[in-house]
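Bear in mind that the values in this text are calculations on the coordinates, not laboratory data. The model shown is predicted, which means the values in this text are computed figures rather than measured ones. All Cβ positions, glycine included, derive from the backbone under ideal geometry; neighbour counts span all protein chains shown.
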Amino acid sequence: MSNILKKSGFQVKEWDDLNALFSEVHTVKHPAGALLFHWSQIEKKSTEQVLQEIKKNDSFSHTEFIALSEDWQNIRLRMKARVLGCEDVLAFPPQEGQILTALNVPEGHQQGGGSPGQREEAAGKAKESAKGSRHKGNEDILIVDDASVIRKGLRHLLEQEGYSVREAEDGQEALRKIQSSAPALVLLDLLMPGMDGFSLMERIRKNKFFSNLPIIVITSHGDKPRLLQALQWGAKEFIVKPFHPEVVREKVKRVLGEKVK
């Protein structure tokens, strides 16, 4: 994992575990952008307390804490991670694209990367380019997923295509945003804590103002029963995680009635 980060221009410092980091936390003199650790370390209450103590240190006060786990899609695990202040839980062993997306490395700058400053400049140029080529009409897309890495990845991809993008991390937040200003399209994860994707779809379909709102569901590979249920609820399309950018572009354009090039 450290090789992936170094190749993309990140400065990397490694410790054996969270306890080792805690014992040397006073030696970290510069703000840390992210801290990645395996979830198996959070098995004892004492380790949870160590994590909270690390977060209190000035160098980690604005750090994104990202856990890695073989069971990364487990809802209970993800909820506990949120409670402990983790930004997200990624798959272990980690996928290069997933890690770099979580760290806001733009697509196309994930190989060979350059310096963090160069990556920031490239990301800014990409956003400005997208602003200058906005699609005509109401093409505001709402991404609803409790995994920030998924939201960030989809948002970056869609903004490159010129769409206006909003985010929600659960069904309740999404419902408020839909009621405030209906989007042209919703990209919706089915499995989320609180109000899940199915509950949100039910609320949307039963509301006369939003009953025809196009929805693309985000689902995991092999999750056929849930996918069929979502299609019965009126989902227009589906995207399987981990998603391929060209597939996302094609399906979004098709649902929005655009010509697919």
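Assorted remarks:
- Taking each residue as 0.36 nm, the span from N57 to N19 lengthens on full extension beyond its C-alpha to C-alpha distance by 12.3 nm.
- Qualifying GluC sites (Glu not before Pro) for segment 1-54 [loop in DSSP, other Cβ within 10 Å: at most 11]: E14, E24, E43
- Ranked packing of 157-164, 227-234, most packed first, by mean Cβ within 10 Å: 157-164, 227-234
- A Förster radius of 51 Å, combined with the Cβ-Cβ distance separating E70 from K208, puts the computed FRET efficiency at roughly 0.70.
- Overall form of segment 1-100: oblate. Here a/c, set by the Cα gyration tensor axes a ≥ b ≥ c, is 1.5 or more, and a/b is not larger than b/c.
- Normalised Debye scattering of segment 132-233 at q = 0.10, 0.12, 0.14 Å⁻¹ gives log10 I(q)/I(0) of -0.26, -0.37, -0.51, counting only Cα atoms as equal scatterers and leaving out solvent.
- Cα-only Debye scattering, segment 8-67: base-10 log of I(q)/I(0) at q = 0.14, 0.18, 0.22, 0.28 Å⁻¹: -0.36, -0.60, -0.90, -1.47
- Hydrodynamic estimate: the Kirkwood radius of segment 153-206 over Cα pairs, inserted into Stokes-Einstein at 25 °C and 0.890 mPa s, corresponds to D of 208 µm²/s.
- DSSP-assigned coil residues among chymotrypsin sites (Phe, Trp or Tyr not before Pro) in segment 194-228, each with at most 11 further Cβ atoms within 10 Å: F209
- For segment 41-104 and segment 138-195, distance of Cα centres in Å: 22
- Only lysine pairs 8 or more places apart or on separate chains count here, and in segment 1-88 those with Cα atoms under 22 Å apart total 14.
- Once the C-beta distance of Q232 and Q95 is scaled by a Förster radius of 25 Å, the resulting FRET efficiency is 0.20 to the nearest 0.05.
- Coil-residue trypsin sites (Lys or Arg not before Pro) of segment 162-251, DSSP, other Cβ within 10 Å capped at 12: K206, K208
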